[in-house]
Amino acid sequence: METEDKAKVVNALGGKSGIFDSTVPSIFFLIAYNVTKNLETCLYFSIGLATILMVFRLVRRTTLVHAFGGFIGAVFCAYFAWKTGSAKSYYAPSLWKNSAFLAVYGISIAVKFPLIGVILGPILGENLEWRSNRARYSAYRNATWVWFGLFAIRLAIQYPLYKANEFNALGVANVFLGVPLYLLVLWATWLIIKKVPVYKRKES
């Protein structure tokens, strides 16, 4: 059962394939732009790679959200960079996304509906009943703080680089604050919530 729940948690929070597909096009864009210095060509190649990854996921019948997520993200980043004519703008949507998530996760903690619990509760079969159990509530709150920290770290590092026009440093930071940090946070989330059994109110 623990293995099954772990798989549910991973898939609900983005899935390894989802974060991989959203990161690879940005890595390719960083390398290609340093080689060619041609923004438009690099954007086309980045979208092309995202399209290939999406088709690959669809052929393998991966969850549609994961299949389209990376593609949509790459297209939006490419569009914004093309619209502004600036290579660094490719990473601007990531700053907006992290800012939005930081706010949402923080608010969810403040109103005592930690978002990780809201997301995972229905998937693990406890819905919102975990709010009646102090230990389970604390686990979800702590896990939500971990995700809040993820977005705070990303912004603290990437925003100054963006403002300073440090394109290469921004691109490298985007990579290392993407897959590695995400997997670390995902692992930490699982360690936190697995310590407390899933809570379901007993029928009277």
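Brief remarks on what is shown
- ALA143 satisfies every condition listed in (1) free of Cβ contacts under 8 Å to residues at least 60 places away in the same chain; (2) farther than 29 Å from GLY48 by Cβ; (3) among the hydrophobic types (A, V, I, L, M, F, W, C); (4) open to solvent by 10 Å² or more (accessible area, probe 1.4 Å) except (4).
- Close pairs from segment 174-195: first over 19 Å from ILE157 (Cβ atoms), partner of a type in the set (D, E, K, R) and part of a helix (DSSP H, G or I), Cβ under 7 Å, at least 6 apart: TRP190/LYS6; LYS194/GLU2
- Subset of segment 86-109 (residues that are under 14 Å from LEU30 (Cα atoms) and among the polar types (S, T, N, Q)): SER86, SER89
- Residue check for TYR159: among the aromatic types (Phe, Trp, Tyr), open to solvent by less than 70 Å² (accessible area, probe 1.4 Å) and closer than 27 Å to ILE47 by Cβ: no
- Segment 109-140: number of residues that are open to solvent by less than 10 Å² (accessible area, probe 1.4 Å) and more than 12 Å from THR189 (Cβ to Cβ): 4
- Just one residue in the set GLY73, GLY85, GLY48, GLY69 is in contact with a Gly (Cβ under 6 Å, 6 or more places away or on another chain) and within 30 Å of ASN34 (Cβ to Cβ); that residue is GLY69.
- Enumerated helices (runs of 4 or more DSSP H) restricted to segment 123-204, each holding at least 3 residues that are under 23 Å from the mean Cα position of the chain (by Cα) and charged (D, E, K, R): 134-163
- The listed residues are GLY85, GLY48, and the only one of them that is farther than 23 Å from ALA164 by Cβ, out of contact with any Phe, Trp or Tyr (no Cβ under 8 Å at 6 or more places or on another chain) and small (Gly, Ala, Ser) turns out to be GLY48.
The values are calculated or read from the model by the stated rules, or taken from the named source; none is laboratory data. Note that the coordinates shown come from a computational prediction; the quantities given were computed from them, not determined experimentally. Heads up, the Cβs are rebuilt from the backbone with ideal geometry, glycines too, and the neighbour counts pull from every protein chain shown. Accessible surface areas use protein heavy atoms only, side chains included; no ligands, DNA or RNA. Shrake-Rupley method; radii C 1.70, N 1.55, O 1.52, S 1.80 Å.
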